[in-house]
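Note sheet for the following structure.
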Amino acid sequence: LDKVARRDVKVLVVGNPANTNALICSKYAPSIPKENFTAMTRLDQNRALSQVAVKIGVPVQNVKNVIIW
């Protein structure tokens, strides 16, 4: 990426562990701004929703406003 991508490229990392992989990718492309890297963590979002629902004893569709980072 550092050698061939434009400096304004947006990088979306999907493979787990997505956050760690995005960090590693950004380290190997130091000329690309760190804010151009993001990780898709929908699986983690779904797991968090499920765990909260189980913990409070409600259906998962009733759990709202859960944020992961």
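Any read-out appearing in this document is the output of simple, stated calculations on the displayed coordinates, not a laboratory observation. Quick caveat: nothing in here was measured; it's all calculated off a predicted structure. Glycine gets a Cβ as well: all are built from the backbone with ideal geometry, and neighbour counts include every protein chain shown.
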ask   = Does segment 27-37 contain any residue that is of a type in the set (Ser, Thr, Tyr) and within 18 Å of residue 69 (Cβ to Cβ)?
value = no
inquiry  = Is it the case, given these coordinates, that residue 58 is surrounded by 12 or more Cβ atoms within 10 Å (Cβ to Cβ) and either touching a helix residue (DSSP H, G or I) at 6+ places or on another chain (Cβ under 9 Å) or part of a helix (DSSP H, G or I) (or both)?
reply    = no
ask   = Does residue 46 count as loosely packed, with under 15 Cβ neighbours inside 10 Å, at negative phi, without any contact (Cβ under 8 Å) to a residue 60 or more places away in the chain and outside any strand (DSSP E or B)?
value = yes
In segment 1-17, the residues that are in contact with a helix residue (DSSP H, G or I) (Cβ under 8 Å, 6 or more places away or on another chain) and either of a type in the set (Phe, Trp, Tyr) or within 19 Å of residue 67 (Cα to Cα) (or both) = 13, 16
